[in-house]
1. Which ³J(HN,Hα) values, rounded to whole Hz and listed in residue order, are derived for region 53-59 from phi using the Karplus coefficients 6.51, -1.76 and 1.60 in 6.51 cos²θ - 1.76 cosθ + 1.60 with θ = phi - 60°, glycine and proline given as x?
2. Considering only Ala23, Ser40, Met54, whose Cα is most displaced toward the positive end of the charge dipole of the chain, charges sitting on Cβ of Lys, Arg (+1) and Asp, Glu (-1)?
3. Grab the DSSP H runs of the chain that are 4 residues or longer, score each as -39,500 (n - 2.57), total them, divide by all residues and round the 222 nm result to the nearest 500 deg cm²/dmol.
4. Go through (1) 180; (2) 79; (3) 149 and flag the label whose value is the computed volume of the Cα convex hull per residue in Å³ for this structure.
5. Under a point-charge model restricted to the Cβ atoms of Lys and Arg (+1) and Asp and Glu (-1), what is the dipole moment magnitude of the chain relative to its Cα centre, in debye to the nearest 20?
6. Note the full-extension length gain between Asp39 and Asn69 as 0.36 nm times their separation in residues minus their Cα-Cα distance, in nm to one decimal.
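A short reminder: the numbers here are calculations on the coordinates, not readings from a lab. Because the structure is predicted, anything quoted here is derived from the model rather than measured. All Cβ positions, even for glycine, are placed from backbone atoms using ideal geometry, and neighbour counts span all protein chains on display.
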Amino acid sequence: MDDWEQDAEGNLVIHAIHGYQTATSPDRVLTRMTYFTPDSTLPPNTPEALQLHMTPALARKLGEDLIANADRIENNPGA
């Protein structure tokens, strides 16, 4: 995680996901993730959004990695 964004104190800059949507285009998987940031310039209770597209193979890999990390947390709470 050395190349992840960090703040001035060296802490990871991370945001909790508020929600997501997925869709498809002819040859891509689309996803829209919404999240809140403490310094948002948007109206109150309006989440920021990041819209991405990826190949079906990358979508499968991302799904597998998310499941593996969720399993790791659930099988080793507090680790």
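1. Each residue of region 53-59 in turn: 10, 8, 6, x, 5, 5, 4 Hz.
2. Ala23
3. Working: 1 runs with 20 residues, N = 79.
Helix contribution divided over all residues of the chain: -8500 deg cm²/dmol.
4. (3)
5. Its charge dipole is roughly 480 debye.
6. Details: separation 30, 0.36 × 30 = 10.80 nm, distance 2.87 nm.
Stretched out fully, the Asp39 to Asn69 stretch lengthens by 7.9 nm.
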